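**Q** Take this structure first; my questions come after.
The values are calculated or read from the model by the stated rules, or taken from the named source; none is laboratory data. No experiment lies behind these values; they were computed from the predicted model shown. Virtual Cβ from ideal backbone geometry, glycine too; neighbours counted across all protein chains shown. Just so you know, the surface numbers come from the protein's heavy atoms only, side chains and all, with ligands and any DNA or RNA stripped out. Shrake-Rupley method; radii C 1.70, N 1.55, O 1.52, S 1.80 Å.
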Amino acid sequence: MSFRDDAEDGRGDLRKPFLHTGSWYRMGSRMGSSMLGSSQALRDKSISVVACVLIVALGPIQFGFTSGYSSPTQSAIIEDLGLTVSEDSSFLYMGRLLEGFGVGIISYTVPVYIAEIAPQNLRGSLGSVNQLSVTLGIMLAYLLGLFVEWRILAVLGILPCTILIPGLFFIPESPRWLAKMGMTEDFETSLQVLRGFDADISIEVNEIKGVKRNLTSTTRASMRSVASTTRRTTIRFADLKERRYWFPLMVGIGLLMLQQLSGINGVLFYSSTIFEAAGVKSSNAATFGVGAIQVIATAVTTWLVDKAGRRVLLIVSSFGMTLSLLVVAVSFFLKDVVSSDSSVYSIMGILSVVGVVAMVVTFSLGMGAIPWVIMSEILPINIKGLAGSIATLSNWFFAWVVTMTANLLLDWSSGGTFTIYMVVSAFTIVFVTLWVPETKGRTLEEIQWSFR
């Protein structure tokens, strides 16, 4: 099967993106020998997939920039709005609402799209690019926040999506989504572009078609409606009672919920406040340092995830977070009972900063990227829209809870706040050990069949 055959027969015209012309890919293949050693290496590594991932990664960069925006600008915004609240606050609320809407969509669609287009041996690494881009956006917000005022920083924050929007016209639709919609010729064309024009995609096509046939027959047997003209499979909330649906949904929601309840957003959003409480003078510079370390740690995860496996990294990450948060909690508790002039007080301040940095690093080694990777891998294609939306809603709901309560909890007791986060991280170890499956080295179809 070849993309060129489709082109000669005049097929694949429906919803064909610009990338389907193939000129970019062929040019990349000719240049490959000088850049990477051989054109075969480009085909083996699916350069088209990498290009698509790099384009959609601009969305998570926007996401991360939004997440990191409040830390370097919080004090300035409060000061300025104290003078002009009647004039500006309504626009700020509208901006946060629209930004939240867009970021909510990006946070779900990007990891799912990457998982559905990536080859099996690169799915974990490419899926982790989503979180790597988030951390890069956070670091950029921290860095630029050191030099520009908050209004200019907000304007700079629109650049990633400004580039992303035209870039979307150059990437193909997910072949698995096209197969689900019954667009067989389009899905084969899309898959051929993603795997390379000379690649044999027959095995992968048959796997995807086999899942589509099984989904359709199951749907008919259970008397659910099937639109024969479009071959769309529908799903009802009642169907989520079946184990093949509720179990992956439970795992996806559980991981994304525990990711937020570990307190990572509270730590990142109020990192400047935390560093000030620990006695660090240049808190904004320290916050940028944390952001840079987070990028490095997430990059390590991107390299490790297809080698070590998802479960191992999740367990190591959760265990490291538990120990780090224990150190921070003990440090803050001891600071409350010793004199501020004593050497112990200074040591505890240093330990609390070290613990916060270690918590961010260990979070980035697993709990940052992998819950989104696993969620995008384990949800069956016919419930991915509904179940993925529920899982993403749960993630953002608990992100809101943590963000709204972090400042209140820190005012109540810094040590108590980090103790709560530590308990959640300890429970995450148990949750991953008992219920999270290993998805490394398995196709999406194999993973989803294992829940039956």
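**Q** Exactly one of (1) closer than 17 Å to LEU58 by Cα; (2) touching a helix residue (DSSP H, G or I) at 6+ places or on another chain (Cβ under 6 Å) is unmet by ILE158. Its number?
**A** All conditions are met except number (2).
**Q** Can you say whether ALA285 is of a type outside the set (Lys, Arg) and either touching a His at 6+ places or on another chain (Cβ under 7 Å) or at pLDDT 90 or above (or both), as far as the supplied structure shows? Full working, then the answer.
**A** On the way: of a type outside the set (Lys, Arg): yes; either touching a His at 6+ places or on another chain (Cβ under 7 Å) or at pLDDT 90 or above (or both): no.
So ALA285 does not fit the description; no.
**Q** With the condition being more than 20 Å from ASN130 (Cβ to Cβ), open to solvent by 50 Å² or more (accessible area, probe 1.4 Å) and among the aliphatic types (A, V, I, L, M), I'd like the helices (runs of 4 or more DSSP H) fully within the range 375-450 carrying at least 1 qualifying residues. Before the answer, list the steps.
**A** Values: elements: 384-412, 414-435, 444-449.
It comes to 384-412, 414-435.
**Q** So ALA299 ticks every box in (1) modelled with pLDDT of 85 or more; (2) farther than 24 Å from ASN395 by Cα but one. Which box is left unticked?
**A** Here ALA299 meets the rest and fails (2).
**Q** Does ILE235 meet the test of being outside any helix (DSSP H, G or I), modelled with pLDDT of 55 or more and surrounded by 12 or more Cβ atoms within 10 Å (Cβ to Cβ)? Before the answer, list the steps.
**A** Values: outside any helix (DSSP H, G or I): yes; modelled with pLDDT of 55 or more: yes; surrounded by 12 or more Cβ atoms within 10 Å (Cβ to Cβ): yes.
So ILE235 passes the test.
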